[in-house]
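A short worksheet on the structure shown next.
Only the coordinates and a few stated rules stand behind these numbers; no lab work does. Source: prediction; values computed, not measured. No Cβ is skipped: glycine too gets one built from the backbone with ideal geometry, and neighbour counts run over all protein chains shown.
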Amino acid sequence: MDPLTLAYVLIAAGAVLVLAELFIPTGFVLVGIGVCLALVGVGLVFVHSSMENGVMALLSLCVGGPLLGGFLFYLWPYSPMGRKLIKASQEENTVANMAGNVELEALRGKTGKTVSPLRPSGVAEFNGRRIDVITEGMMIELGEWVKCVEVRANKVVVRPADRPKLGEFEGTDFS
C-alpha cells in the first residue's frame, strides 16, 4: 500500500474511532487511539508528501478535530452512556427528593405556634420542633397559631390559623 494512502486511511480510521466512542462507551480509550492514529497519519503525510500537503493535513486536523469534538459533545446526551448518566442525575437531584424537604413535607396541614414574630419570616414550633417559616406576605405576631399550607424548596409556608382543638392532636408525635 502506498504510504500516502496509508496516511489518509489512518486519519479516517482515527475519526471513525472517535465517533465510535458515542456508541461503544470505553471511557475515552477509543478517543485516545483515534487521536493517535490521526496524528500518525499526519506524520506520514509530512514524511511521504510535500510540506504543503502535510501542513494542509495538519490544519485540517486542527480545524476538523475541534469541530468533531463539538459535534460529539452535542450528540453525547443522546448516546447510551450519556442517557444513563443524565437520567440518573435527574432522578437523584430533585428538590422533592432531598432529605430535608421530605422531612418538612410531613408538616403540611399541621398546626404550630410562632415563637418569634413573622415579618414575614421567622420561627414557629411544630410538634416541639422549631422550624424556620415564611408567611404568604402577612405579618404574624409572637404566640399566634399558624398552619403549614405549603413546603417548597425547603421553605415552610404558613398562614394564620385558629387555636387547634384537642382532637387534632391525636396521633401526633410530640418528641
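About the Cα centre, and with charges only on the beta carbon of Lys, Arg (+1) and Asp, Glu (-1), how big is the dipole of the chain? Nearest 20 debye, please.
Numbers: 15 positive and 17 negative charges, 87 e Å.
Once rounded to the nearest 20, the dipole reads 420 debye.
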Among F126, F46, F28, which comes first, then next, by fewest other beta-carbon atoms within 10 Å? F28, F46, F126
Backbone N under 20 Å from the S121 label point (7 Å along Cα→Cβ), restricted to the stretch 145-166: 146-160
Inverse of mean 1/r across different Cα pairs in the stretch 3-90, Kirkwood, Å: 13.8
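For the residues R129, R163, what sequence is obtained by ranking on other C-beta atoms within 10 Å, fewest first?
Values: R129 12, R163 9.
Ranked by crowding around the Cβ, least crowded first: R163, R129.
Could you tell me the convex hull volume per residue, in Å³, taken over the Cα atoms of the chain?
Values: hull volume 29.5 nm³, N = 175.
Output value, Cα hull per residue: 168 Å³.
Could you list I131, I11, I86 in order of exposure, starting from the residue whose Cβ has the fewest other Cβ atoms within 10 Å?
I86, I131, I11
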